[in-house]
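The values are calculated or read from the model by the stated rules, or taken from the named source; none is laboratory data. In this text, all values refer to a predicted model and were calculated from it rather than measured experimentally. Here Cβ is always computed from backbone atoms with ideal geometry, including for glycine, and neighbour counts include all displayed protein chains. What goes into the accessible areas is simple: the full protein's heavy atoms, side chains included, and nothing from ligands, DNA or RNA. Shrake-Rupley method; radii C 1.70, N 1.55, O 1.52, S 1.80 Å.
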Number of protein chains: 2
Amino acid sequence: MFLSSYANAHQVAKAALFKEAESLHGLFSRQPIEHLAVGQSLFFEGDEAKHVFEVVEGTLRIFRILSDGRRVITGFLYAGDIVGVSLKERYLYSAEAITPTKIRRIARKTFDEAVSDSDDLRPEIFSRVCDEMAAVQDQLVLLSSKTAEERLCTFLLKLLQRTIAAGNRDTTLELPMTRQDMADYLGLTIETVSRTITKLIGKGVVNVVNPAARHFIKIEKPGMLAQLAGDDSECPEMHRDLMVQGDRRHH
Amino acid sequence: MFLSSYANAHQVAKAALFKEAESLHGLFSRQPIEHLAVGQSLFFEGDEAKHVFEVVEGTLRIFRILSDGRRVITGFLYAGDIVGVSLKERYLYSAEAITPTKIRRIARKTFDEAVSDSDDLRPEIFSRVCDEMAAVQDQLVLLSSKTAEERLCTFLLKLLQRTIAAGNRDTTLELPMTRQDMADYLGLTIETVSRTITKLIGKGVVNVVNPAARHFIKIEKPGMLAQLAGDDSECPEMHRDLMVQGDRRHH
DNA sequence: CGTCCGTTTGACTCATCTCAAATTTGGTGG
DNA sequence: CCACCAAATTTGAGATGAGTCAAACGGACG
């Protein structure tokens, strides 16, 4: 079952009966909540991957430090996310709380057994791993060919979609991370992030909200933001149709 | 068992008994071989993900085309690789033969069932998905913070490791892909790739082999290549130890 | 009120991109 | 085997987006 994305009717019924035991969230819900202070680490790159974590509340950054001291943030974790699944022996990155955070943990061994025993858990895990893979690939596209403005807009757009999906009608985003975090995530410098935001404000696309300013950004023109983000859903279609041997396009 | 990376003794014995049925390669080996000509597509981004493929021989590129015509190559596939696993409904990228290629295919449905029924297949799949995830993350680090020279060296180094792992003692690499492919993979332009190779030749690190030149590169100084690649195995250690709140380093 | 930290702004530099042309390679047909 | 063409690659010269270094700004907090 690991590979099929959706449960069939029978499984849905079964899942309803044993809800607590048969969903990932249920699996974690038995564990005690642990608290992380701002800046506190959940685990370090290279540590033996002994646990799987569920983020109950808060935001974390996951990152690597390069030999020359540069930091690359490979993602952020929000409430509901699960970390530590698609790993073998060791964590491939460090994880650190950006805000006060609550988490639950399960020993990998326990987690593995539970997942291997449950026909309901496997598709859920699989689905999440697929989403993670898709996200990393999008990030790869962003880093390999987008301009600073496109990167920022893509980032803000994704956050916007997340809050909209969460049922929020207001287009004001909270950015729990610092400008430096955004820079390290987007492959830019802090100065470029700052300048680009200023430019977007100038265009009327976004606006900084008064109070706890800088960490709250209002999206004034979501449509234009999507435009500027530049992934007008790519375009494999034209590729398929116009495919002639040597029509390689410029970089 | 999906989540444990290594089979235990019992499973190894069992796998030996039913080898053909209990390994991924075995699963594919019953399927007929299909041939792809150079430039021919295996599938397109957005297509319904109906099959899983094993590359028997040859090299493919997997890529996306952006709305403005730019192409981002997210990876290459070599003999022994399997494509199409970590997907839900649709392929996230197109796949195209770089050299004459032989593949085998299995319907996703069949594949999923086989994997779900076998305690031996799941860890193998899981292991491969983990490797894929690790590779994408490395690529992400490369794109977000490495210079042109570091990117090229990282790329060549990885190819070198692959051929060494394959038991090859010669340090001459075959580069089946074009310079444009390398550029699109490394987030550079073809001109920068070309210039950087020229520079590496100037330093005596690599050399272009005479005959089918350009597609065969000899690594003259593997050690220096590794140096220039720049991932002296990162350094989370110092981070863990010297962790003081505000010591963020420059980008 | 003054210090600290994160952020913004400014001025200048540089790696990489762009545009353009020269060169090499591989294939094709005479 | 050679002339020739098309594609791939290399090389050159100039443009530029983002980086670097440095300074100013602003809110938070004791």
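So here's what we get for this one:
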{"quantity": "Tabulated pairs, segment A:164-180, first farther than 20 Å from residue A:57 by Cβ and within 14 Å of another protein chain (Cβ to nearest Cβ), second part of a loop (DSSP other than H, G, I, E, B) and within 16 Å of DNA strand C (Cβ to nearest atom), C-beta under 6 angstrom, 6+ apart or interchain", "calculated": "A:180/B:248"}
{"quantity": "Top-ranked residue of segment A:70-96 - restricted to ones that are among the basic types (Lys, Arg) and farther than 21 Å from residue A:184 by Cα, ranked as least open to solvent (accessible area, probe 1.4 Å)", "calculated": "A:88"}
{"quantity": "Output for segment B:50-69, where each listed residue is open to solvent by less than 40 Å² (accessible area, probe 1.4 Å), more than 13 Å from the chain's Cα centre (by Cα) and among the charged types (D, E, K, R)", "calculated": "B:54, B:64"}
{"quantity": "Selection count where residues are crowded, with 21+ Cβ neighbours inside 10 Å and within 8 Å of chain B (Cβ to nearest Cβ), scope segment A:138-152", "calculated": "5"}
{"quantity": "Counted residues, segment A:33-87 - those being of a type in the set (Gly, Ala, Ser) and touching a Gly at 6+ places or on another chain (Cβ under 8 Å)", "calculated": "3"}
{"quantity": "Hey, residue A:29 under 28 Å from residue B:111 (Cβ atoms) and modelled with pLDDT under 95 or not", "calculated": "no"}
{"quantity": "So residue A:180, is it within 13 Å of DNA strand D (Cβ to nearest atom), out of contact with any Cys (no Cβ under 8 Å at 6 or more places or on another chain) and not aromatic (Phe, Trp, Tyr)", "calculated": "yes"}
{"quantity": "Considering residues of segment B:184-230 that are assigned to a loop (DSSP other than H, G, I, E, B) and open to solvent by 50 Å² or more (accessible area, probe 1.4 Å) only, the residue farthest from DNA strand D (Cβ to nearest atom)", "calculated": "B:221"}
{"quantity": "Sole exception among (1) within 11 Å of DNA strand C (Cβ to nearest atom); (2) open to solvent by 20 Å² or more (accessible area, probe 1.4 Å) for residue A:163, by number", "calculated": "(1)"}
